[in-house]
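Down below is the structure, laid out as structure tokens.
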Amino acid sequence: MTKLRATIAVLAALVCAAAAFHWVYGVGPAARTPQAFQPPPVSAASAASDKVEAATRSKPAPPPDAAAAGPFDGTEPGVQFHTGEVLEFAADVAKLSNVANLRLQILERRNFFGKNAWHLQAFAHTENPLRMMFELDDQFDSYSDSTNLASLQYEMRLSERGEKQESIQRMTSTGAEPAGTNATQTRVVPGTRDPLGLMQYLRTVNWMKTREVRGPVYDGHKLYDVRAAYDGAAGNIAVPAGTFAATKIDLRVFDSGAELKDAHFVLYLASDSAHTPVLLEAVMPFATARVALVKMK
């Protein structure tokens, strides 16, 4: 996977993110107390199939600057997802404008192997002139538990320059969950989220009370620790979809206790009732990317 393809894939997954809890503009500073998404990761069992990279079998350590915490439910009961929600974004990388478009959808709430789940979806496509050199059309699907947005199944349908790859992974912490047709059973830590479920989870966090959350995230290849922290009010953010009062959420990714240096992400979240993500910035060694909201319904 090239650096550019990896970047756009990460952007698609993170933008799929939607937003964090509705913030009252101008809220004052408060003590930052790290909390865990669910039981913090203590081990990652071996993947059941050789299709999953051996790295998923590693044991992720908590971020070095985050205190250990027990089970935590930081969700805000009043936050409701909107079935049929569609968010469209345009991505700029360095001095290149509109290099890719991203579409995020909440398709439905449904029964998934006996569990109530959200079906989340994202698409990423490169645009001309970049598309003439780098044709990319990716689709991501997540079936996430409706109570805590832990991943039940994560699907990737990737197309790069005409080369297609498909991965359907059924998440399990016990090995007892059925894999279903064409799916691979993948062992993960209890409470693990995929990137789409993680970002939807951030919409439900009560940031008024909780200034930092962290937990295990499986990206389809490897298990990571992700930390999301409130980073202050951002004022008014202007994007093609409009101008929004926003707050800033800092996202950092850790692998076996060490922070990844390839990219540092910042989400700007609107203070509207939908908790809309309006802008994502990714600072990378070779470029800075901005993903801005263009349209929503």
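The values are calculated or read from the model by the stated rules, or taken from the named source; none is laboratory data. These figures come from a predicted structure and were not determined experimentally. In this analysis, Cβ positions are derived from the backbone assuming ideal geometry, glycine residues included, and neighbour counts consider all displayed protein chains.
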* Asked: Among all residue pairs at least 6 apart or on different chains, which show Cβ distances below 9 Å where the first residue, located in segment 165-193, is under 17 Å from PHE112 (Cα atoms) and modelled with pLDDT under 90 and the second is surrounded by 13 or more Cβ atoms within 10 Å (Cβ to Cβ) and among the aromatic types (Phe, Trp, Tyr)?
  -> GLU177/PHE113; PRO178/PHE113; GLY180/PHE113
* Asked: Just wondering, is there one or more residues in segment 144-159 that are part of a strand (DSSP E or B) and over 20 Å from ASP219 (Cα atoms)?
  -> no
* Before we move on, is VAL253 in contact (Cβ under 8 Å) with a residue 40 or more places away in the chain, aliphatic (A, V, I, L, M) and in a strand (DSSP E or B)? -> no
* List every residue pair whose Cβ atoms lie under 6 Å apart, where the two residues are 6 or more positions apart in sequence or sit on different chains, the first residue falls within segment 78-89 and is within 16 Å of LEU202 (Cβ to Cβ) and at pLDDT below 75, and the second residue, located anywhere, is outside any loop (DSSP other than H, G, I, E, B) and of a type in the set (Val, Ile, Thr). => VAL79/THR204; PHE81/ILE106
* Structure fact -> Among (1) in a strand (DSSP E or B); (2) buried (at least 18 other Cβ atoms within 10 Å of the Cβ); (3) of a type outside the set (A, V, I, L, M), GLN139 falls short only on (2)
* What pairs come up if the first residue lies in segment 151-163 and is on the phi > 0 side of the Ramachandran plot and in contact (Cβ under 8 Å) with a residue 40 or more places away in the chain, the second is assigned to a strand (DSSP E or B) and hydrophobic (A, V, I, L, M, F, W, C), and their beta carbons are under 8 Å apart, counting only those six or more places apart or on different chains? -> none
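Say we look at segment 210-232 and pick out the residues that are surrounded by fewer than 18 Cβ atoms within 10 Å (Cβ to Cβ) and assigned to a strand (DSSP E or B); which of these is modelled with the lowest pLDDT?
To start, the set of residues in segment 210-232 that are surrounded by fewer than 18 Cβ atoms within 10 Å (Cβ to Cβ) comprises 221-222, 231-232.
Now restrict to residues that are assigned to a strand (DSSP E or B): 231-232.
Working: ASP231: 92, GLY232: 86.
The extreme case among them is GLY232.
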* Asked: Which ones in segment 241-270 are surrounded by fewer than 20 Cβ atoms within 10 Å (Cβ to Cβ) and of a type in the set (Ser, Thr, Tyr)?
  -> THR243, SER256
* Structure fact -> Of the conditions (1) assigned to a strand (DSSP E or B); (2) under 25 Å from PHE89 (Cβ atoms), the single one that HIS275 does not satisfy is (1)
* In segment 114-136, which residue that is at pLDDT below 90 and farther than 17 Å from LYS164 by Cβ is surrounded by the most Cβ atoms within 10 Å (Cβ to Cβ)? -> LEU130
* GLU166 is checked against (1) touching a Cys at 6+ places or on another chain (Cβ under 8 Å); (2) assigned to a strand (DSSP E or B); (3) not hydroxyl-bearing (Ser, Thr, Tyr) and fails just one. What number does that condition carry? -> (1)
* Does PHE89 satisfy the criteria of being of a type in the set (Phe, Trp, Tyr) and closer than 12 Å to ALA292 by Cα? -> yes
